[in-house]
Structure formats: C-alpha cells, structure tokens
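Reviewing the structure listed below.
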Amino acid sequence: MKHILDLDDFSIEEVNLIVKTAFEIKKKPEKFSDSMKGKILATIFFEPSTRTQFSFQTAMYKLGGHTIGFSNSLNSSVSKGENFKDTVKVVSSYADILVIRHFLEGSSFAASLFSSCPVFNAGDGAHLHPTQTITDVFTILEKKKELNNLKIGICGDLKFGRAVNSLIKFLIRYEKITFYLISNENFKLSESLKEKILNSGNSFKEASSLEDVIEKLDVLYMTRIQKERFKDKGNVEKDLILLNEKVLKYAKEDLIVLHPLPRTDEISIKVDEDKRAKYFTQALNGVFVRMALILETFKLNNINKKEYFEEKLNLSCHNETCITKYERYLPKLYKKQGENILCGYCDNVIK
Ligand code: NCD
C-alpha cells in the first residue's frame, strides 16, 4: 500500500505525476466523475479543519465515490476510551482510503501500522502536512512554472507550522532556492531544518520584518501563529508580522502571496483585492490536488521508502506531543539519520 505520510517517501517523479494529474483534472474535472465509483474515503479528524477535510470530501464526491467519518472525535467511540489502534483498524476495514488529522506528531505513521487501506496524513501535530505541500507546489507551478531558482519568503510561525515544515522539506530537493525566513524570535525555524536547507545546497536568510525583504520575493508564504500548539500564549499579538497594502507596495508585480489558511490577522483583508493574492485559488486547488492523490495512490509503487528499524534499544522519544507518549502499546521504532537515532513516528532526535 502506498500511504501518504511524508513526501520524503515519494520520488520527485511520483510527485510530478500527481501534480500533472491535478492539472489535467483542473482543466476537465467532469472527465473523472466516475473514477472512484463504489469506493469509500473515511476522514477521521481529531483536530479542527475546514479546507483539508472538505476538500478531501469534495474530491471524493467529484470522483463519484462516497465519504464517511467524524470531524470531532468526541462523537465517536474515542470519547468512550477507545484506543487509536482500534479506531484505525475498524474504520480502515470499512473504507478504501483513510484520511487522518491528529494533534499528536507521528499519528499518521502509527495509523499506517494498523490500517488495512492507504493512510493519508492530513496533518499530524506540528510535524507534517504532505497534501497541503502538494497543493502549495501545484499553485506555485501554476503561476511560476518551475520550482528551481525561487526566492521564497516564509513568514509567521516557522516553529510550530506543519505546513511550513513540510513545504521546506520538499522544496530543498530542488536547486538554487533562497528561503527568506521571516519571523520573530519566538517562532524561528528549527536549527535542524536550517541545517537541512544548507546541506541541500540551497540557502536561507533570516529577517524579522517583511519590509526588509519583500521586494526580492517571487513567492510569499504567509502563516498563522499556531496558538493551539504552545502553553504560554503571553502577548503573541506583538509577534505578529503583518502583510498589508502598504507593505505589498514594495513587492514585485509578479509576486504571488500564498497562505495555507485559516488566516487570522497576519494578512489584512484589503490585500484580498490585490491580484497577487492567490490564497483562495490555492484553497480551491486543494480539491484538484486531492482528487489526483486519490486517483494516483492506487497506481503508485507499493512500497513506502521510510526505513525504520525495531530494536530493543529501550529509548523513548522525548517529544511530549509524540503519539508514542499517549498510545503506550505502540512498538518502539527508530530511524537512523547519520549518527543520530530518530523516533520512527515523529522524527524527533532521540540520540
Ligand atoms: C494548516 C494546518 O492545519 O496545518 N491549514 C490547512 O490545513 N489548510 C495551517 C493552519 O492551521 O494554520
């Protein structure tokens, strides 16, 4: 089975195939209206969602299939104390695809151990959001034609944003990309991801204000402060970096402004009228991309490349929001990265 957990498990060719199919679908969606006839997609969402959930459901309907699921686990037997494994085992036995969003890192990978159908990661805590990344990449390609040589600003919460983490991890597979990392001190990109950017031969520059860098950018990826992911909310409003019409005046004419949405206060509503604002197109593209993902997932190479190993190392993950901290029956799985041993679920460095 080909799960969609982390785009590192996919070759560039496989991602290109999905993107190409998404472009074909966008041109003529009705051509695909019977492709998933009789199939069922389950969405089990343990965290709120508008776009991801509804675009997956819309995608399945447009392909002629059906959907089941819950958007609030309190309406399922989770509220009676059912463990994650049993929920996944049972729902996956009813469905052909299981789409899962969860507040804990590594939850989709954990689900893939027990699911009898392909699992799509629709966001696991602050970790990854691969289907959002393909949507972002599709929208960049639609407007810019290529991913190499991009000057891309990523602004807002670079610490807890899974859409940011996923997007950077994917883009570093291309060349001559300069990342402009625009954030306040409390929301900076992790050192490990900065190191990955440099190891890939791409580069980054850090900034704390949009005015300083906006004139250089081809793409500006705005993000919301992920308030739900940290305890000390303090006065996060002071950390807000705002995109408004005044700041946008300094940008190139062909800049595109993206945002995975939901927006809170980081983009002023006035910016919506600017032709460079592409975040609503991006949200719509999520439907075509997810239609392509549903279609292609059955054709892709069966083996997930994620290589993990199981050993009696007796090491536990230190990440307090890793699924292994809550679902204690999960097997201890690790991955190797150079000299380091990573948690097989959330990729946190254990040793
Ligand atoms: C993002 C998410 O859930 O990570 N939204 C989305 O899926 N479109 C970003 C966010 O919530 O800020």
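The values are calculated or read from the model by the stated rules, or taken from the named source; none is laboratory data. Values in this document were obtained by computation on a predicted structure and should not be read as measured data. Cβ atoms come from the backbone with ideal geometry, glycine included; neighbour counts cover every protein chain shown. Ligands, DNA and RNA are stripped out before the accessible areas are found, and what is left, the full protein with its side chains, is counted by its heavy atoms. Shrake-Rupley method; radii C 1.70, N 1.55, O 1.52, S 1.80 Å.
Laid out as a table, the results:
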read-out: Kirkwood Rh and Cα Rg combined as Rg over Rh, evaluated for region 115-205; value: 0.98
read-out: Estimated dipole of region 130-281 in Debye, rounded to 20 [Cβ of Lys and Arg +1, of Asp and Glu -1, Cα centre]; value: 340 debye
read-out: Two-site label geometry, LYS176 and GLU237: point separation in nm, points 7 Å out along Cα→Cβ; value: 4.5 nm
read-out: Label-to-label distance, nm, for residues given as ASN244 and GLU30 (7 Å Cα→Cβ offset); value: 4.6 nm
read-out: Options ASN319, ILE44, VAL236, ranked by Cα towards positive dipole end of the chain, top entry (Cβ charges); value: ILE44
read-out: Additional length obtainable on full extension of the chain from ASN148 to ARG276, 0.36 nm per residue less Cα span; value: 44.0 nm
read-out: Fraction of accessible area attributable to carbon and sulfur, the chain (%, probe 1.4 Å); value: 50 percent
read-out: Paired Rg and Dmax values of region 1-117, which use every Cα atom, in angstrom; value: 15.0, 46
read-out: Whole-Å semi-axes of the ellipsoid equivalent to region 180-224 (Cα gyration tensor, √5λ, descending); value: 18, 14, 9
read-out: Cleavage-rule hits (trypsin sites (Lys or Arg not before Pro)) in region 1-105: DSSP loop, at most 11 neighbouring Cβ within 10 angstrom; value: LYS37
read-out: Prolate/oblate/rounded call for region 130-281, Cα gyration tensor, a/c under 1.5 rounded; value: rounded
read-out: Cross-link reach list, aspartates and glutamates versus LYS27, counting only Cα pairs under 14 Å and skipping chain neighbours closer than eight places; value: GLU142
read-out: Computed E for GLU327/THR264 - FRET, C-beta separation, R0 25 angstrom, nearest 0.05; value: 0.20
read-out: Loop-located trypsin sites (Lys or Arg not before Pro) in region 159-210, at most 14 other Cβ atoms within 10 Å (DSSP); value: LYS176
read-out: Distance violations [Cα-Cα > 29 Å] among LYS231/LYS336; LYS194/LYS238; LYS188/LYS249; value: LYS231/LYS336
read-out: Candidates per GluC sites (Glu not before Pro) in region 1-94, loop by DSSP, up to 13 other Cβ within 10 Å; value: GLU82
read-out: Accessible area expressed per residue, the chain, with surrounding protein chains retained (probe 1.4 Å, Å²); value: 45 Å²
read-out: Prolate/oblate/rounded call for region 123-165, Cα gyration tensor, a/c under 1.5 rounded; value: oblate
read-out: Histogram of C-alpha separations across region 35-91, 5 Å bin width, %; value: 4, 18, 26, 21, 16, 11, 3, 0
read-out: Cβ-Cβ FRET estimate between GLU320 and PHE54, R0 fixed at 35 Å, reported to 0.05; value: 0.70
read-out: Computed magnitude of the charge dipole of the chain (debye, nearest 20; Cβ of K, R +1, Cβ of D, E -1); value: 520 debye
read-out: Which of ALA95, CYS117, GLY64, positive extreme of dipole for region 1-127 (C-beta unit charges); value: GLY64
read-out: Radius of gyration and maximum dimension Dmax of the chain, Cα, Å; value: 19.8, 58
read-out: Contact order relative to length of the chain, as percent, for alpha carbon pairs under 8 angstrom and 6 or more apart; value: 19 percent
read-out: Which listed pairs, of LYS62/LYS151; LYS31/LYS275; LYS205/LYS332; LYS227/LYS299, have C-alpha distances above 32 Å, in listed order; value: LYS62/LYS151; LYS205/LYS332; LYS227/LYS299
read-out: Solitary cysteines of the chain, where the nearest other Cys Cβ is not under 4.7 Å; value: CYS117, CYS155
read-out: Distance in nm between pseudo-label sites at PHE309 and TYR61 (7 Å out along the Cβ direction from Cα); value: 4.9 nm
read-out: Counted charge near ASN83, where neighbours are those whose Cβ lies closer than 15 Å (Asp, Glu -1; Lys, Arg +1); value: +2
read-out: Those aspartates and glutamates that a straight Cα-Cα span of less than 18 Å connects to LYS85, excepting residues fewer than 8 apart in one chain; value: GLU47, ASP96, GLU105, ASP124, GLU327
read-out: Region 311-351, relative contact order in percent, only Cα pairs under 8 angstrom and at least six apart counted; value: 38 percent
